[in-house]
Amino acid sequence: PALDSAALMTDVFRLAADSMRGRRTGTPENARARDFIAARFDALGLGVVGPGRLAPFTITSTRRPQPITGTNVIGVIRGSRFPDRYIVVSAHFDHIGVTSGGSCRATGADSVCNGADDNASGIAALLQLASHFSIAKPQHSIIFAAFDAEESGDVGSQAWVDSMPVPVAQVLIDVNMDMIGRNAKNELFASGARKYPHLAPLVNATVGCAPVPIT
């Protein structure tokens, strides 16, 4: 099945709309983004790992008088050949919300930090991949992880690692997509092969067939 680029952009526009007010963790708009992703996972028939579709965690900070709750959204497609070996595909859905200026590129009097590139683009890509592999069944199990509270110091991904519902030794790789929607030279950046050289052949093979430059 081909990826649906029109649906992908529709998801970007929906998540980055002014009405979403930047999807800051702990806000009603962040909860709307969370529920949208969870409903899409349900509609695609993704399974669950651990306690369920939603994985809440607590955020504490000296800058906040009260702890707040963030929530990761998790789905899985079981592999046909290696169901107990996992590839994780991840992206974060939160952004920094509304600001009086300085920390985001507001336009005129608009103080909404829409977060289209950071990271509605990554979530839209994650949803398209989930849709693709719900039809083109993979040999390895794939966990799709939509993280919350990454703008609060990578709290969501740390919570995922700290309470991963599958044995860490059975996770082959985490392919994380962040800010994939904008590059003046129409390039994508793949990182990780320098620290983990065994990944270099996979990156190089992708470079040879990708429709855009990968560096």
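Some notes on this structure:
- Residue count for segment 51-71, restricted to those that are more than 17 Å from the chain's Cα centre (by Cα) and under 16 Å from Gln158 (Cβ atoms): 7.
- Within the option set Val207, Val166, Val155, being over 17 Å from the mean Cα position of the chain (by Cα) and surrounded by 16 or more Cβ atoms within 10 Å (Cβ to Cβ) holds for one residue only, Val166.
- Qualifying positions in segment 69-92 - surrounded by fewer than 18 Cβ atoms within 10 Å (Cβ to Cβ) and under 26 Å from Asp18 (Cα atoms): Thr69
- Yes/no for Gly26 being within 21 Å of Asn119 (Cα to Cα) and touching a residue at least 12 places away in the same chain (Cβ under 8 Å): yes
- Considered as a group, the residues in segment 34-72 that are assigned to a loop (DSSP other than H, G, I, E, B) and among the β-branched types (Val, Ile, Thr) include one that is modelled with the highest pLDDT, and that residue is Val48.
- Boolean, Leu172 is open to solvent by 70 Å² or more (accessible area, probe 1.4 Å), touching a residue at least 24 places away in the same chain (Cβ under 8 Å) and either farther than 23 Å from Leu127 by Cβ or not in a helix (DSSP H, G or I) (or both): yes
- Test: residue in segment 125-141 that is in a strand (DSSP E or B) and not basic (Lys, Arg): yes
- In the set Ala43, Ala16, only one residue is over 20 Å from Val155 (Cβ atoms), of a type in the set (A, V, I, L, M) and open to solvent by 70 Å² or more (accessible area, probe 1.4 Å); that residue is Ala43.
- Scanning segment 19-32 for residues that are closer than 19 Å to Thr71 by Cα and either open to solvent by less than 40 Å² (accessible area, probe 1.4 Å) or out of contact with any strand residue (DSSP E or B) (no Cβ under 6 Å at 6 or more places or on another chain) (or both) returns Met20, Gly22, Arg23, Arg24, Thr25, Thr27, Pro28, Glu29, Asn30, Ala31, Arg32.
- Scanning segment 94-128 for residues that are at pLDDT 65 or above, open to solvent by 10 Å² or more (accessible area, probe 1.4 Å) and touching a Ser or Thr at 6+ places or on another chain (Cβ under 8 Å), we see that the one that is farthest from Phe13 (Cα to Cα) is Thr99.
The values are calculated or read from the model by the stated rules, or taken from the named source; none is laboratory data. Values in this document were obtained by computation on a predicted structure and should not be read as measured data. All Cβ positions, even for glycine, are placed from backbone atoms using ideal geometry, and neighbour counts span all protein chains on display. Only protein heavy atoms, including side chains, enter the accessible area calculation; ligands, DNA and RNA are left aside. Shrake-Rupley method; radii C 1.70, N 1.55, O 1.52, S 1.80 Å.
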